[in-house]
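Have a look at the structure below before the remarks.
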């Protein structure tokens, strides 16, 4: 069965920006505890978190290895494939294939 998954192409950049901002917030909190301004550290402004760049990627799955499927709250199909939960892009055709696969049992 051919399905599509969403791949976050710039996850490393986003995580790095979030990490920097968390570090800066920690430094700001530490500065609040310091009474003398000479001992305070200069903290840069938060960095801008990049917008997510999402790409669709094709994946081939053996439908016999899927043990559970449901349409989740965000409109994706949530499946358990070989013991791992995954989300695939919803399409009517894929959902019908899954319904057929589960009705065979």
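Brief remarks follow.
- Close pairs from region 63-92: first within 18 Å of residue 103 (Cβ to Cβ) and not assigned by TED's automatic domain parsing to the domain that holds residue 104, partner modelled with pLDDT of 95 or more and in a loop (DSSP other than H, G, I, E, B), Cβ under 8 Å, at least 6 apart: none
- Residues that are out of contact with any strand residue (DSSP E or B) (no Cβ under 8 Å at 6 or more places or on another chain), more than 16 Å from residue 4 (Cβ to Cβ) and at pLDDT below 95, drawn from region 53-79: 62, 64
- Reported count of residues in region 93-105, each being free of Cβ contacts under 8 Å to residues at least 24 places away in the same chain and touching a strand residue (DSSP E or B) at 6+ places or on another chain (Cβ under 8 Å), is 0.
- Within region 13-41, being closer than 30 Å to residue 90 by Cβ and either assigned by TED's automatic domain parsing to the domain that holds residue 81 or assigned to a loop (DSSP other than H, G, I, E, B) (or both) holds for no residue.
- Taken over region 1-12, the criterion of being over 11 Å from residue 56 (Cβ atoms), under 11 Å from the mean Cα position of the chain (by Cα) and in a strand (DSSP E or B) is satisfied by 8 alone.
- For region 81-91, the criterion of being part of a strand (DSSP E or B), touching a strand residue (DSSP E or B) at 6+ places or on another chain (Cβ under 8 Å) and loosely packed, with under 11 Cβ neighbours inside 10 Å is satisfied by at least one residue.
- Matching option when the condition is outside any strand (DSSP E or B) and modelled with pLDDT of 95 or more, among 50, 44: 50
The values are calculated or read from the model by the stated rules, or taken from the named source; none is laboratory data. Being a predicted model, the structure only gives us computed values, none of them experimental. All Cβ positions, glycine included, derive from the backbone under ideal geometry; neighbour counts span all protein chains shown.
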